[in-house]
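To start, the structure under review is shown below, and the notes come after it.
Read the figures in this text as sums done on the coordinates, not as results from a lab. Only a predicted model underlies this, so the values are computations on that prediction, with no experimental measurement involved. Neighbour counts are summed over all protein chains in view; Cβ atoms, including those assigned to glycine, are modelled from backbone coordinates with ideal geometry.
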Amino acid sequence: MSRTRGYLILLLSALIPVMTAAAVGAAERSTCLSCHGERKILNKGTHLYIDPAKYESTTHERIGCVACHTGVTPRHPADGVRPSRAKCEECHAAVYAEYEKSSHSAYAGCTDCHKPHAVKPLLAVSGRDINIQCAKCHDNSATVKSHAKWLPQAALHIDALPCITCHTGSKETVITLYMAKRAGDSRLGGVALAGYEDLRSFIPPGKKIGRVIDSNGDGAVSLDELKAFNTSSQFKHISLLGTMMPEVVTHSFQILANRWDCTFCHASGPNAQQTSQLAFPEQGGTYSRMIVEKGAILDILYGTPDFYMTGFTRNKTLSIIGILIVASGLMVPILHGTLRFLTRSRRKER
Amino acid sequence: MTEQTPPEQVYLTPTPVRIWHWLNALGIVTLCVTGIQIRFPEYANIFGTYKAAIRLHDIAGITVSISFLLWIFYYLVVARNIAKVYVPTLADIKSGLFQQAFFYFFNYFLGKDNPHTATPDNKFNAIQKVTYFMTMFLLIPLVVVSGLLLMNIAPLRAWIIAIGGIKFLVDAHYLLACSFFAFLCVHVYMATLGHTPFAHFRQMWTGWEKMEHTG
Ligand code: HEM
């Protein structure tokens, strides 16, 4: 009894600083951002500016500026004291430990890939966002070139897949569909990912962006809803492009031998019927995901007309039609050949 | 040249057409076999790895495309008899098809003669004309165009979306491929129906055909 109470007190006392930090955080954030969120601070140095729209959609926003920057005095910035910066590993010990073990930790630190004031969870980013992080050091055309040595359609793969699907150890991948729009200036053959603004006019008033496709609002996308979306003339300029995202984030950046084998992705195993996800662009550049009905990515016409992975998302009915065409071709030699054999004496007589 | 050869032979298939034909045949057969592995990798691992099948498929596809250009160039620019040789006439459609089919599926078994005699300007019977016409003017161009689009998805994505999406393209490519497979079965078999089983093959290799009624 007293032991339990002891634990309870321990727990509460551990929670208090967090709770007060959260409360204070909100207040301090607005004071900090009253300078650091204003564009005029750019004059003092671009590194001092924090984009409030981006910051406010992060989880870090909830822990507050001073959780990471202690030592900001009331006289800041006039006091000339440089506030501290928390080290990521103080709070992300597990990720840090994992990353330290990978050889990549010698090449890049946490803040080379993550801006502390604009962090996003995996579910809120697109594959394109991730590859932009990597492209800071791994020049895109150089990557395409080095991968083309062994990877057919390297440009397509590098465009369509996040690097981490091949270079981190998540055992499972999730087919994720992104909304794309026609755009003359994009690298993607005139197609770019669509943002919230591109879809704003299609969102029913007062509803979330998911309702653009999820018309019945049940929080999931069915094949019928996809069909309606794909055949609607309203959305002629919007298409769904697919990619494979890792199911979980790992920080063991490495070369994985099994990704060298195309059938890791290009063979329809038990996963072919998997549910997939649709990523809707949100304001502030993040994404929200919605589950898509099982098997929809295999539908020939109306599921995902612009997403196909050779060998993996093939349609069974169509495969059978093709085999029947071949079989009917084979019947000619078989039937004619049999009759020919049976009547061979008639031709010899001649 | 012509004087030295026995009069019962006729020069039916000029060298460029023969070069095209065998490049094309090799290409299409390779495409079919690699294609099986590409669509059904769990069931068919013919070339060791998936990418070996893809690479070979790409090379064969380019071979077929280039040899198709050779074929067009020869028939349009050099020989200029493409219309005569390949385009079925009204008579071909109205009566020729039936006559020829009647021969293949009835009279042939009775041991009667082929109603069609091949000459350089009229070397195909009605059935050949119709199937070769469809193959060369419809199937090959479609399969080449869909194949080239599929080899360049990233740069041509907007076009692919405009024609109905990559799934439509892939599935059309697949059904076309199956039609080629079926064509091949029939074509190779029908080629053994000459006055000897190998007469047409010899002709397609040397260019010279022995006239049937003299044999
Ligand atoms: C191993 C595969 C093949 C074999 C053994 C073969 C055999 C032959 C033979 C013996 C002929 C001469 C008889 C005739 O005129 O009908 C011929 C002609 C022809 N074949 Fe094939 N063939 C093959 C593949 C193909 C393929 C894949 C195509 C097209 C997709 C094709 C299209 C044609 C055409 C258009 C002609 C007439 C050529 C001309 O004289 O202009 N063949 N083939």
Check: Which value in nm describes the separation of the simple spin-label points at residue A:75 and residue B:73, placed 7 Å from the Cα toward the beta carbon?
Finding: 8.5 nm
Notebook entry, point to check: Hey, with R₀ at 25 Å, roughly what FRET efficiency would residue A:42 and residue A:197 work out to, going by the Cβ-Cβ distance, to 0.05?
Noted result: 0.55
Margin query: Angle check, please: helix A:316-342 long axis (alpha carbons) against the longest principal axis of chain A (alpha carbons), in degrees 0 to 90, nearest 10.
Written below: 20 degrees
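Please say if chain B is rounded, prolate or oblate, where rounded means a/c under 1.5 for a ≥ b ≥ c the square roots of the C-alpha gyration tensor eigenvalues, and otherwise the choice is prolate for a/b larger than b/c and oblate otherwise? Provide the component values of the computation, followed by the final result.
Numbers: a/c = 1.91, a/b = 1.88, b/c = 1.01.
Prolate is the answer for chain B, as a/c is 1.5 or above and a/b outweighs b/c.
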Next item on the list: Using a 10 Å cut-off on Cβ to Cβ distances, tally the other chain neighbours for every residue of A:296-304 and report the average as a whole number.
Entry: 2
Next item on the list: Please give the average number of partner chain Cβ atoms lying within 10 Å of the Cβ of each residue in B:96-105, rounded to a whole number.
Entry: 1
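Taking R0 as 56 Å, what's the FRET efficiency between residue A:283 and residue B:93 from their Cβ-Cβ distance, rounded to 0.05?
Working from the Cβ atoms, E equals 0.30.
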Margin query: Can you compute the modelled spin-label distance between residue A:106 and residue A:31, with each label point 7 Å from Cα toward Cβ, in nm?
Written below: 4.6 nm
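Can you tally the net charge around residue B:174? Count Lys and Arg as +1, Asp and Glu as -1, for every other residue whose Cβ sits under 12 Å from the Cβ of residue B:174. Intermediate values should be presented prior to the final figure.
Details: positive: A:314, B:39, B:167; negative: B:171.
Result for the local shell: +2.
Please report the relative contact order for the stretch B:4-214, taking Cα pairs under 8 Å with a sequence separation of at least 6, and give it as a percent rounded to a whole number.
28 percent
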Item checked: DSSP H segments from chain B that extend 24 Å or more along their own axis, Cα-based, with Kyte-Doolittle mean of -1.0 or above -> B:15-39, B:50-73, B:166-190
Notebook entry, point to check: Which links in A:115/B:51; A:44/A:207; A:236/B:51; A:348/B:123; B:129/B:210; A:87/A:208 stretch past 31 Å when you go from one Cα to the other?
Noted result: A:115/B:51; A:44/A:207; A:236/B:51; A:87/A:208
Next item on the list: Please average, across the residues of B:184-193, the number of beta carbons from any other chain that are within 10 Å of each residue's own beta carbon, and give a whole number.
Entry: 4
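Just order B:57-68, A:200-211 by mean Cβ neighbour count inside 10 Å, highest at the front, would you? Mind dumping the intermediate values first?
Values: B:57-68: 18.8, A:200-211: 12.6.
The densest-packed peptide leads the list: B:57-68, A:200-211.
Would you work out the relative contact order for chain A, in percent, from Cα pairs under 8 angstrom that are 6 or more residues apart? Show your work: numbers first, answer last.
Working: 415 pairs, mean separation 55.2, N = 350.
Averaging sequence separation for qualifying contacts and normalising by length gives 16 percent for chain A.
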Margin query: Give me the base-10 log of I(q)/I(0) for the protein assembly as shown at each q in 0.09, 0.13 Å⁻¹, Debye formula, one uniform scatterer per Cα, rounded to two decimals.
Written below: -0.84, -1.34
Note to self: Give the residue list of trypsin sites (Lys or Arg not before Pro) in the stretch B:102-202 that are DSSP loop and have at most 10 other beta-carbon atoms within 10 angstrom.
What the structure shows: none
Margin query: I want to check the label-to-label distance for residue B:201 and residue B:19. Put each point 7 Å from Cα in the C-beta direction and report it in nm to one decimal.
Written below: 2.4 nm
Next item on the list: Choose one of A:291, B:110, B:197: the residue whose Cα lies farthest towards the positive end of the charge dipole of the protein assembly as shown (beta-carbon charges +1 Lys, Arg; -1 Asp, Glu; about the Cα centre).
Entry: B:110
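With r as the distance between the Cβ atoms of residue A:139 and residue A:248 and R0 = 25 Å, compute the FRET efficiency 1/(1 + (r/R0)^6) and round to 0.05. Can you show the working numbers first?
Numbers: r = 28 Å, r/R0 = 1.12.
It comes to 0.35.
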